[in-house]
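Right, one structure below, let's go through it.
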Amino acid sequence: MRTQVAIVGAGPAGLMLSHLLAQAGIASIVLESRTRQAIEETIRAGVLEQGTVDVMRELGLADRMEQIGERHAGIEFRFRSRGHRIPLRDLTNGKEVTIYAQHEVIKDLVAARLAQGGEIAFGVSGVQLHDVDSARPRVTFRRSPDGPEEEIACDFIAGCDGFHGPSRQSIPTSLRREYHKTFPMGWLGILVEAPPSSAELIYCNHDRGFALVSTRSPEVQRMYIQVDAADDIANWSDDRIWTELRTRLATDDGWAPIEGPIIQKSIVGMRSFVCSPMRFGRLFLAGDAAHIVPPTGAKGLNLAVSDARVLAAAIVEFYRQNKTDLLYRYSQICLRRVWKAERFSNAMTQMLHRFPEHTPFEREIQLAELDYVTSSPHGLATIAENYVGLPIEWNA
Ligand code: RFL
Ligand code: PHB
(Lines give C-alpha, C1' and ligand atoms only; values in the text may rest on other atoms or scores of the structure.)
(Ligands and ions follow the chains in the order given, each with its own letter.)
Protein backbone atom coordinates (compact mmCIF):
# COMPACT_ATOMS: atom_id res chain seq x y z
CA MET A 1 0.00 0.00 0.00
CA ARG A 2 1.10 3.56 -0.60
CA THR A 3 -0.23 6.87 0.63
CA GLN A 4 1.11 10.37 1.13
CA VAL A 5 0.62 10.60 4.91
CA ALA A 6 0.29 7.62 7.27
CA ILE A 7 -1.54 8.74 10.42
CA VAL A 8 -1.22 6.64 13.59
CA GLY A 9 -4.20 7.20 15.91
CA ALA A 10 -7.82 8.28 15.32
CA GLY A 11 -8.15 10.77 18.18
CA PRO A 12 -8.89 14.45 17.61
CA ALA A 13 -5.32 15.08 16.31
CA GLY A 14 -5.25 12.24 13.75
CA LEU A 15 -8.81 12.63 12.50
CA MET A 16 -8.60 16.41 12.20
CA LEU A 17 -5.33 16.07 10.28
CA SER A 18 -6.87 13.55 7.85
CA HIS A 19 -9.69 16.03 7.13
CA LEU A 20 -7.43 19.06 6.69
CA LEU A 21 -5.22 17.07 4.29
CA ALA A 22 -8.20 15.71 2.35
CA GLN A 23 -9.51 19.26 1.94
CA ALA A 24 -6.23 20.05 0.14
CA GLY A 25 -6.38 16.88 -1.97
CA ILE A 26 -3.67 15.04 0.02
CA ALA A 27 -4.16 11.32 0.65
CA SER A 28 -3.81 9.68 4.06
CA ILE A 29 -4.57 6.41 5.82
CA VAL A 30 -5.46 6.42 9.53
CA LEU A 31 -4.51 3.40 11.68
CA GLU A 32 -6.39 3.05 14.98
CA SER A 33 -5.86 0.28 17.54
CA ARG A 34 -9.30 0.55 19.15
CA THR A 35 -12.71 -0.18 17.60
CA ARG A 36 -14.88 2.57 16.13
CA GLN A 37 -17.39 1.99 18.93
CA ALA A 38 -14.72 2.35 21.63
CA ILE A 39 -13.37 5.67 20.34
CA GLU A 40 -16.91 7.01 19.88
CA GLU A 41 -17.89 6.14 23.46
CA THR A 42 -14.89 7.20 25.55
CA ILE A 43 -15.86 10.14 27.77
CA ARG A 44 -13.15 12.80 27.86
CA ALA A 45 -12.98 16.52 27.17
CA GLY A 46 -15.83 18.96 26.74
CA VAL A 47 -14.59 22.50 26.12
CA LEU A 48 -13.81 23.65 22.58
CA GLU A 49 -11.90 26.88 22.04
CA GLN A 50 -13.07 29.31 19.41
CA GLY A 51 -10.20 28.23 17.11
CA THR A 52 -11.27 24.57 17.34
CA VAL A 53 -14.87 25.50 16.55
CA ASP A 54 -13.65 27.58 13.58
CA VAL A 55 -11.77 24.57 12.10
CA MET A 56 -14.88 22.39 12.44
CA ARG A 57 -16.83 25.07 10.52
CA GLU A 58 -14.18 25.48 7.81
CA LEU A 59 -14.31 21.72 7.24
CA GLY A 60 -18.10 21.77 6.98
CA LEU A 61 -18.38 19.54 10.05
CA ALA A 62 -20.18 21.88 12.41
CA ASP A 63 -23.85 20.94 11.91
CA ARG A 64 -24.33 18.73 14.98
CA MET A 65 -22.01 20.91 17.07
CA GLU A 66 -24.16 23.93 16.25
CA GLN A 67 -27.31 21.98 17.08
CA ILE A 68 -26.35 20.39 20.39
CA GLY A 69 -23.19 22.24 21.48
CA GLU A 70 -23.65 25.12 23.90
CA ARG A 71 -21.91 28.45 23.51
CA HIS A 72 -20.73 29.91 26.81
CA ALA A 73 -19.82 33.60 27.16
CA GLY A 74 -18.38 33.28 30.67
CA ILE A 75 -17.16 30.99 33.44
CA GLU A 76 -17.32 31.27 37.22
CA PHE A 77 -14.55 30.97 39.81
CA ARG A 78 -15.98 30.11 43.23
CA PHE A 79 -14.02 30.42 46.49
CA ARG A 80 -14.76 31.42 50.08
CA SER A 81 -18.37 30.35 49.27
CA ARG A 82 -18.86 33.12 46.70
CA GLY A 83 -19.03 33.08 42.92
CA HIS A 84 -17.06 35.49 40.67
CA ARG A 85 -17.92 35.60 36.96
CA ILE A 86 -15.23 35.91 34.30
CA PRO A 87 -16.97 37.45 31.26
CA LEU A 88 -14.96 35.71 28.51
CA ARG A 89 -16.79 37.25 25.58
CA ASP A 90 -16.64 40.82 26.83
CA LEU A 91 -12.93 40.52 27.63
CA THR A 92 -11.81 38.90 24.34
CA ASN A 93 -13.52 40.85 21.58
CA GLY A 94 -16.40 38.41 21.33
CA LYS A 95 -14.66 35.03 21.67
CA GLU A 96 -16.55 32.25 23.44
CA VAL A 97 -16.07 28.56 24.24
CA THR A 98 -18.37 25.78 23.07
CA ILE A 99 -19.32 22.89 25.32
CA TYR A 100 -19.48 19.85 23.06
CA ALA A 101 -18.19 16.44 24.16
CA GLN A 102 -15.00 15.09 22.62
CA HIS A 103 -16.71 11.81 21.66
CA GLU A 104 -19.30 13.80 19.69
CA VAL A 105 -16.44 15.52 17.81
CA ILE A 106 -14.96 12.06 17.15
CA LYS A 107 -18.32 10.77 15.83
CA ASP A 108 -18.62 13.76 13.46
CA LEU A 109 -15.05 13.42 12.16
CA VAL A 110 -15.25 9.63 11.66
CA ALA A 111 -18.65 9.71 9.92
CA ALA A 112 -17.63 12.51 7.54
CA ARG A 113 -14.26 10.94 6.72
CA LEU A 114 -15.80 7.55 5.90
CA ALA A 115 -18.59 9.22 3.88
CA GLN A 116 -15.93 10.97 1.78
CA GLY A 117 -14.28 7.61 1.07
CA GLY A 118 -11.41 8.22 3.49
CA GLU A 119 -9.59 5.22 4.92
CA ILE A 120 -9.58 4.56 8.67
CA ALA A 121 -8.50 1.06 9.73
CA PHE A 122 -9.96 0.34 13.18
CA GLY A 123 -8.81 -2.39 15.57
CA VAL A 124 -5.32 -2.74 14.07
CA SER A 125 -2.45 -4.19 16.11
CA GLY A 126 1.35 -4.31 16.08
CA VAL A 127 1.81 -0.85 14.54
CA GLN A 128 5.53 -0.23 13.92
CA LEU A 129 7.28 2.76 12.35
CA HIS A 130 10.30 2.22 10.07
CA ASP A 131 12.95 4.43 8.41
CA VAL A 132 11.38 7.61 9.79
CA ASP A 133 14.57 9.61 9.18
CA SER A 134 14.72 8.62 5.51
CA ALA A 135 12.80 9.95 2.49
CA ARG A 136 10.81 6.66 2.38
CA PRO A 137 9.27 6.01 5.79
CA ARG A 138 7.01 2.98 6.28
CA VAL A 139 4.45 1.75 8.78
CA THR A 140 3.67 -1.94 9.32
CA PHE A 141 0.61 -3.30 11.13
CA ARG A 142 -1.90 -6.15 11.26
CA ARG A 143 -5.66 -5.77 10.70
CA SER A 144 -6.24 -8.55 13.25
CA PRO A 145 -3.81 -10.05 15.79
CA ASP A 146 -3.25 -13.20 13.72
CA GLY A 147 -3.71 -11.62 10.27
CA PRO A 148 -0.82 -11.03 7.84
CA GLU A 149 1.53 -8.09 8.33
CA GLU A 150 0.76 -5.23 5.96
CA GLU A 151 2.90 -2.27 4.99
CA ILE A 152 2.14 1.35 4.13
CA ALA A 153 4.86 3.24 2.26
CA CYS A 154 4.44 7.00 2.62
CA ASP A 155 6.08 10.43 2.47
CA PHE A 156 5.29 11.43 6.06
CA ILE A 157 4.17 9.75 9.28
CA ALA A 158 1.96 11.64 11.73
CA GLY A 159 2.28 10.19 15.25
CA CYS A 160 -1.16 11.05 16.69
CA ASP A 161 -1.31 8.00 18.97
CA GLY A 162 -1.68 9.65 22.37
CA PHE A 163 0.62 9.50 25.39
CA HIS A 164 0.99 5.69 25.39
CA GLY A 165 1.33 5.18 21.62
CA PRO A 166 4.52 3.90 19.95
CA SER A 167 5.34 6.92 17.72
CA ARG A 168 7.27 9.00 20.26
CA GLN A 169 9.56 6.03 20.98
CA SER A 170 10.76 6.20 17.34
CA ILE A 171 12.63 9.39 18.19
CA PRO A 172 15.99 8.28 19.63
CA THR A 173 16.19 9.15 23.34
CA SER A 174 19.44 11.02 22.70
CA LEU A 175 17.58 13.38 20.34
CA ARG A 176 14.52 14.19 22.45
CA ARG A 177 14.04 15.80 25.81
CA GLU A 178 11.02 14.99 27.96
CA TYR A 179 9.65 17.25 30.68
CA HIS A 180 7.39 15.63 33.29
CA LYS A 181 5.39 16.78 36.27
CA THR A 182 2.92 14.61 38.20
CA PHE A 183 0.35 16.25 40.47
CA PRO A 184 -0.54 14.65 43.81
CA MET A 185 -4.29 14.66 43.02
CA GLY A 186 -6.76 13.13 40.59
CA TRP A 187 -10.18 14.10 39.28
CA LEU A 188 -13.19 11.95 40.00
CA GLY A 189 -15.53 12.66 37.08
CA ILE A 190 -19.23 11.81 36.92
CA LEU A 191 -22.00 11.95 34.34
CA VAL A 192 -25.36 12.73 35.93
CA GLU A 193 -28.87 12.47 34.52
CA ALA A 194 -30.13 15.88 35.57
CA PRO A 195 -30.61 19.31 33.99
CA PRO A 196 -27.70 21.81 34.29
CA SER A 197 -27.08 23.18 37.78
CA SER A 198 -25.57 26.30 36.27
CA ALA A 199 -25.75 28.12 32.93
CA GLU A 200 -21.93 28.45 32.94
CA LEU A 201 -19.02 26.28 34.14
CA ILE A 202 -18.07 26.66 37.82
CA TYR A 203 -14.43 26.13 38.89
CA CYS A 204 -14.49 25.94 42.70
CA ASN A 205 -11.71 26.06 45.26
CA HIS A 206 -12.81 24.81 48.70
CA ASP A 207 -10.96 23.74 51.87
CA ARG A 208 -11.94 20.14 51.04
CA GLY A 209 -10.58 20.42 47.49
CA PHE A 210 -11.46 21.46 43.95
CA ALA A 211 -14.87 20.91 42.32
CA LEU A 212 -16.02 21.61 38.75
CA VAL A 213 -19.56 21.86 37.41
CA SER A 214 -19.76 21.34 33.64
CA THR A 215 -22.48 20.08 31.36
CA ARG A 216 -23.05 17.85 28.36
CA SER A 217 -26.67 18.46 27.32
CA PRO A 218 -29.97 19.73 28.73
CA GLU A 219 -30.39 16.25 30.27
CA VAL A 220 -26.83 15.31 31.31
CA GLN A 221 -24.37 17.12 33.57
CA ARG A 222 -20.62 16.55 33.90
CA MET A 223 -19.03 17.20 37.31
CA TYR A 224 -15.63 16.60 38.85
CA ILE A 225 -14.14 16.61 42.34
CA GLN A 226 -10.51 16.55 43.39
CA VAL A 227 -9.56 13.26 45.07
CA ASP A 228 -6.26 11.66 46.03
CA ALA A 229 -4.30 10.49 42.95
CA ALA A 230 -4.13 6.94 44.35
CA ASP A 231 -7.80 6.78 45.39
CA ASP A 232 -10.00 3.93 44.15
CA ILE A 233 -13.39 4.65 42.58
CA ALA A 234 -14.79 1.78 44.70
CA ASN A 235 -14.35 4.06 47.74
CA TRP A 236 -16.81 6.57 46.28
CA SER A 237 -20.50 5.77 46.72
CA ASP A 238 -22.94 8.10 44.98
CA ASP A 239 -23.92 9.49 48.39
CA ARG A 240 -20.35 10.32 49.27
CA ILE A 241 -19.84 12.09 45.92
CA TRP A 242 -22.99 14.20 46.38
CA THR A 243 -22.01 15.13 49.94
CA GLU A 244 -18.65 16.42 48.68
CA LEU A 245 -20.20 18.29 45.75
CA ARG A 246 -22.83 19.92 48.01
CA THR A 247 -20.23 20.89 50.62
CA ARG A 248 -17.58 22.22 48.26
CA LEU A 249 -19.96 24.14 46.01
CA ALA A 250 -22.22 25.65 48.71
CA THR A 251 -22.50 29.43 48.66
CA ASP A 252 -23.60 31.95 51.28
CA ASP A 253 -26.86 32.42 49.37
CA GLY A 254 -27.78 28.72 49.42
CA TRP A 255 -26.65 27.42 45.99
CA ALA A 256 -26.84 23.63 45.60
CA PRO A 257 -26.19 21.33 42.63
CA ILE A 258 -29.15 19.66 40.93
CA GLU A 259 -28.83 15.96 41.71
CA GLY A 260 -29.82 12.91 39.69
CA PRO A 261 -28.72 9.34 38.93
CA ILE A 262 -24.95 9.01 38.36
CA ILE A 263 -24.58 7.05 35.11
CA GLN A 264 -20.78 6.96 34.87
CA LYS A 265 -17.87 7.60 37.24
CA SER A 266 -14.10 7.28 37.03
CA ILE A 267 -10.86 8.78 38.37
CA VAL A 268 -8.15 10.26 36.15
CA GLY A 269 -4.64 11.34 37.14
CA MET A 270 -3.20 14.78 36.52
CA ARG A 271 0.12 15.35 34.84
CA SER A 272 2.07 17.73 32.66
CA PHE A 273 4.36 16.40 29.96
CA VAL A 274 6.20 17.85 26.95
CA CYS A 275 8.40 16.08 24.40
CA SER A 276 10.82 18.32 22.50
CA PRO A 277 11.30 18.39 19.57
CA MET A 278 8.03 17.10 18.11
CA ARG A 279 9.68 16.04 14.86
CA PHE A 280 12.34 13.52 13.84
CA GLY A 281 13.04 13.18 10.11
CA ARG A 282 9.68 12.53 8.47
CA LEU A 283 7.89 11.66 11.71
CA PHE A 284 5.77 14.43 13.22
CA LEU A 285 4.14 14.03 16.64
CA ALA A 286 0.81 15.77 17.30
CA GLY A 287 -1.48 16.03 20.33
CA ASP A 288 -1.11 13.92 23.48
CA ALA A 289 1.71 11.93 21.82
CA ALA A 290 3.87 15.02 22.35
CA HIS A 291 2.31 16.80 25.33
CA ILE A 292 -0.14 16.39 28.20
CA VAL A 293 -1.75 19.10 30.31
CA PRO A 294 -3.76 18.66 33.53
CA PRO A 295 -7.46 19.09 32.60
CA THR A 296 -8.00 22.27 34.69
CA GLY A 297 -7.33 24.58 31.74
CA ALA A 298 -9.44 22.51 29.27
CA LYS A 299 -6.61 22.64 26.74
CA GLY A 300 -5.69 19.04 25.73
CA LEU A 301 -8.09 18.52 22.85
CA ASN A 302 -7.60 22.07 21.64
CA LEU A 303 -3.82 21.62 21.51
CA ALA A 304 -4.30 18.41 19.52
CA VAL A 305 -6.36 20.38 16.99
CA SER A 306 -3.89 23.28 16.75
CA ASP A 307 -0.99 20.85 16.16
CA ALA A 308 -3.04 19.24 13.37
CA ARG A 309 -3.61 22.67 11.81
CA VAL A 310 0.10 23.50 11.80
CA LEU A 311 1.08 20.07 10.47
CA ALA A 312 -1.54 20.18 7.72
CA ALA A 313 -0.37 23.63 6.62
CA ALA A 314 3.25 22.43 6.55
CA ILE A 315 2.44 19.32 4.49
CA VAL A 316 0.23 21.29 2.10
CA GLU A 317 3.03 23.82 1.58
CA PHE A 318 5.41 20.94 0.80
CA TYR A 319 3.21 19.40 -1.91
CA ARG A 320 1.90 22.63 -3.41
CA GLN A 321 4.99 24.83 -3.35
CA ASN A 322 7.75 22.29 -2.87
CA LYS A 323 8.82 24.17 0.26
CA THR A 324 10.01 22.68 3.54
CA ASP A 325 10.06 25.85 5.62
CA LEU A 326 6.96 25.09 7.72
CA LEU A 327 7.92 21.42 8.05
CA TYR A 328 11.25 22.47 9.59
CA ARG A 329 9.58 24.99 11.87
CA TYR A 330 6.67 22.68 12.84
CA SER A 331 8.05 21.76 16.25
CA GLN A 332 9.00 25.34 17.09
CA ILE A 333 5.60 26.76 16.10
CA CYS A 334 3.70 24.09 18.06
CA LEU A 335 5.89 24.14 21.15
CA ARG A 336 5.56 27.90 21.54
CA ARG A 337 1.80 27.52 21.90
CA VAL A 338 2.12 24.26 23.86
CA TRP A 339 4.33 25.82 26.55
CA LYS A 340 1.87 28.68 27.01
CA ALA A 341 -0.97 26.17 27.42
CA GLU A 342 1.21 24.20 29.87
CA ARG A 343 1.79 27.44 31.77
CA PHE A 344 -1.92 28.29 31.91
CA SER A 345 -2.99 24.73 32.83
CA ASN A 346 -0.36 24.65 35.55
CA ALA A 347 -1.45 28.05 36.91
CA MET A 348 -5.14 27.01 36.92
CA THR A 349 -4.24 23.75 38.68
CA GLN A 350 -2.10 25.53 41.31
CA MET A 351 -4.76 28.18 41.89
CA LEU A 352 -7.81 25.93 42.18
CA HIS A 353 -6.73 22.74 44.01
CA ARG A 354 -5.88 22.00 47.63
CA PHE A 355 -2.28 20.85 47.93
CA PRO A 356 -1.55 18.56 50.90
CA GLU A 357 1.78 20.27 51.50
CA HIS A 358 0.42 23.83 51.63
CA THR A 359 1.04 25.74 54.87
CA PRO A 360 -1.66 28.16 56.14
CA PHE A 361 0.48 30.94 54.62
CA GLU A 362 0.47 29.29 51.17
CA ARG A 363 -3.28 28.72 51.43
CA GLU A 364 -3.87 32.45 52.03
CA ILE A 365 -1.58 33.31 49.11
CA GLN A 366 -3.65 30.99 46.89
CA LEU A 367 -6.91 32.68 47.93
CA ALA A 368 -5.32 36.11 47.37
CA GLU A 369 -4.36 34.99 43.87
CA LEU A 370 -7.98 34.00 43.18
CA ASP A 371 -9.16 37.31 44.62
CA TYR A 372 -6.70 39.17 42.35
CA VAL A 373 -7.58 37.38 39.11
CA THR A 374 -11.32 37.80 39.72
CA SER A 375 -11.22 41.49 40.73
CA SER A 376 -8.43 43.16 38.75
CA PRO A 377 -9.23 43.96 35.10
CA HIS A 378 -5.76 42.66 34.22
CA GLY A 379 -6.26 39.43 36.16
CA LEU A 380 -9.64 38.84 34.54
CA ALA A 381 -8.30 39.60 31.06
CA THR A 382 -5.40 37.17 31.52
CA ILE A 383 -7.68 34.29 32.49
CA ALA A 384 -10.15 35.08 29.70
CA GLU A 385 -7.53 35.43 26.95
CA ASN A 386 -5.93 32.09 27.83
CA TYR A 387 -9.17 30.21 28.44
CA VAL A 388 -10.69 31.04 25.03
CA GLY A 389 -7.36 30.07 23.43
CA LEU A 390 -4.22 31.86 22.28
CA PRO A 391 -3.54 32.23 18.54
CA ILE A 392 -1.02 30.09 16.64
CA GLU A 393 2.12 32.18 16.10
CA TRP A 394 3.19 31.16 12.61
CA ASN A 395 6.37 33.25 12.77
CA ALA A 396 7.82 31.36 15.73
P1 RFL B 1 -6.09 10.63 21.87
O2 RFL B 1 -7.44 11.19 21.97
O3 RFL B 1 -5.54 9.91 23.05
O4 RFL B 1 -6.04 9.70 20.59
C5 RFL B 1 -4.95 8.85 20.33
C6 RFL B 1 -5.48 7.64 19.57
O7 RFL B 1 -4.38 6.81 19.22
C8 RFL B 1 -4.79 5.46 19.41
N9 RFL B 1 -3.57 4.62 19.59
C10 RFL B 1 -3.10 3.81 18.64
N11 RFL B 1 -3.49 3.56 17.37
C12 RFL B 1 -2.80 2.65 16.65
N13 RFL B 1 -1.72 1.96 17.15
C14 RFL B 1 -1.29 2.19 18.41
N15 RFL B 1 -0.24 1.51 18.88
C16 RFL B 1 -1.99 3.14 19.21
N17 RFL B 1 -1.83 3.59 20.47
C18 RFL B 1 -2.81 4.49 20.68
C19 RFL B 1 -5.65 5.52 20.64
O20 RFL B 1 -6.51 4.38 20.72
C21 RFL B 1 -6.41 6.80 20.42
O22 RFL B 1 -7.66 6.62 19.77
O23 RFL B 1 -5.00 11.77 21.53
P24 RFL B 1 -5.15 13.15 20.68
O25 RFL B 1 -5.76 12.93 19.35
O26 RFL B 1 -3.82 13.76 20.77
O27 RFL B 1 -6.20 14.01 21.52
C28 RFL B 1 -5.92 14.48 22.81
C29 RFL B 1 -7.19 14.60 23.64
O30 RFL B 1 -7.90 13.39 23.57
C31 RFL B 1 -6.90 14.96 25.12
O32 RFL B 1 -5.86 15.91 25.19
C33 RFL B 1 -8.14 15.53 25.84
O34 RFL B 1 -9.12 14.55 26.04
C35 RFL B 1 -7.75 16.13 27.19
N36 RFL B 1 -8.89 16.65 27.95
C37 RFL B 1 -9.46 17.88 27.65
N38 RFL B 1 -9.02 18.61 26.61
C39 RFL B 1 -9.65 19.78 26.27
O40 RFL B 1 -9.20 20.43 25.32
N41 RFL B 1 -10.74 20.27 26.94
C42 RFL B 1 -11.24 19.60 27.99
O43 RFL B 1 -12.27 20.04 28.54
C44 RFL B 1 -10.59 18.39 28.42
N45 RFL B 1 -11.06 17.70 29.45
C46 RFL B 1 -9.42 15.93 29.01
C47 RFL B 1 -10.52 16.48 29.76
C48 RFL B 1 -8.94 14.68 29.36
C49 RFL B 1 -9.50 13.99 30.42
N50 RFL B 1 -8.96 12.73 30.69
C51 RFL B 1 -9.74 11.57 30.57
C52 RFL B 1 -7.52 12.61 30.81
C53 RFL B 1 -11.07 15.81 30.81
C54 RFL B 1 -10.56 14.57 31.17
C55 RFL B 1 -11.17 13.89 32.35
C1 PHB C 1 -15.60 18.78 30.87
O2 PHB C 1 -16.73 19.24 30.66
O3 PHB C 1 -15.34 17.57 30.77
C4 PHB C 1 -14.50 19.69 31.31
C5 PHB C 1 -14.76 21.04 31.44
C6 PHB C 1 -13.72 21.90 31.85
C7 PHB C 1 -12.46 21.39 32.12
C8 PHB C 1 -12.20 20.04 31.96
C9 PHB C 1 -13.23 19.17 31.56
O10 PHB C 1 -11.48 22.23 32.53
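The values are calculated or read from the model by the stated rules, or taken from the named source; none is laboratory data. Nothing here was measured: the structure is a model prediction, and the numbers come from that model. When we count neighbours, we look across all protein chains shown, and the Cβ atoms used for this are built from the backbone with ideal geometry, even at glycine. In case anyone asks, the SASA skips ligands and DNA or RNA and just uses the protein heavy atoms, side chains included. Shrake-Rupley method; radii C 1.70, N 1.55, O 1.52, S 1.80 Å.
Converting phi to 3J(HN,Hα) with the Karplus coefficients 6.51, -1.76 and 1.60 and the offset θ = phi - 60°, the range 356-366 yields x, 8, 5, 7, x, 4, 5, 5, 5, 4, 4 Hz in sequence order, with x at every glycine or proline. Estimated at the nearest 10 Å², the accessible area of LYS323 is 90 Å² with a 1.4 Å probe.
The apolar share of the surface of the chain, taken as the fraction of accessible area on carbon and sulfur atoms (1.4 Å probe, ligands and nucleic acids excluded), comes to 50 percent.
Comparing Cα centroids, the range 324-353 and the range 363-384 end up 22 angstrom apart.
Of the GluC sites (Glu not before Pro) found in the range 302-374, those that fall in a DSSP loop while having at most 10 other beta-carbon atoms within 10 Å are GLU357. Look at the Cα gyration tensor of the range 332-396: its axes a ≥ b ≥ c give a/c of at least 1.5 with a/b at or below b/c, and that counts as oblate.
Protein heavy-atom accessible surface, 1.4 Å probe, per residue over the range 129-244: 45 Å².
Axis of helix 238-249 versus longest Cα principal axis of the chain: the two differ by about 70°, to the nearest ten degrees.
Residues whose amide H falls under 5 Å from that of ALA24, counting only those 5 or more places apart or on a different chain, are absent, with hydrogens built in the peptide plane. In this structure, the amide hydrogen of ILE75, modeled 1.01 Å from its nitrogen in the peptide plane, lies closer than 5 angstrom to those of ILE86, LEU88, counting only residues at least 5 positions away or on a different chain. Per residue, the solvent-accessible area of the range 1-72 (1.4 Å probe, heavy atoms of protein chains only, all protein chains present) comes to 40 Å².
Which shape class, rounded, prolate or oblate, goes with the range 1-53 when its Cα gyration tensor gives a ≥ b ≥ c as root eigenvalues, a/c under 1.5 marks rounded, and past that a/b bigger than b/c marks prolate? The shape class here is oblate.
Find how many whole Å separate the alpha carbon centroid of the range 274-304 from the alpha carbon centroid of the range 119-161. Between the Cα centre of the range 119-161 and that of the range 274-304, the gap is 20 Å.
Based on the Cβ-Cβ distance of ARG208 and PHE163, what FRET efficiency does E = 1/(1 + (r/R0)^6) give at R0 = 41 Å, to the nearest 0.05?
For ARG208 and PHE163, the calculated efficiency is 0.90.
Among the trypsin sites (Lys or Arg not before Pro) found in the range 190-248, those both in a DSSP coil and sparsely packed, with 14 or fewer other Cβ atoms within 10 Å of their Cβ, are ARG208. Whole angstrom only: what separates the Cα centroid of the range 1-25 from the Cα centroid of the range 39-60? The two parts, judged by their Cα centres, are 16 Å apart.
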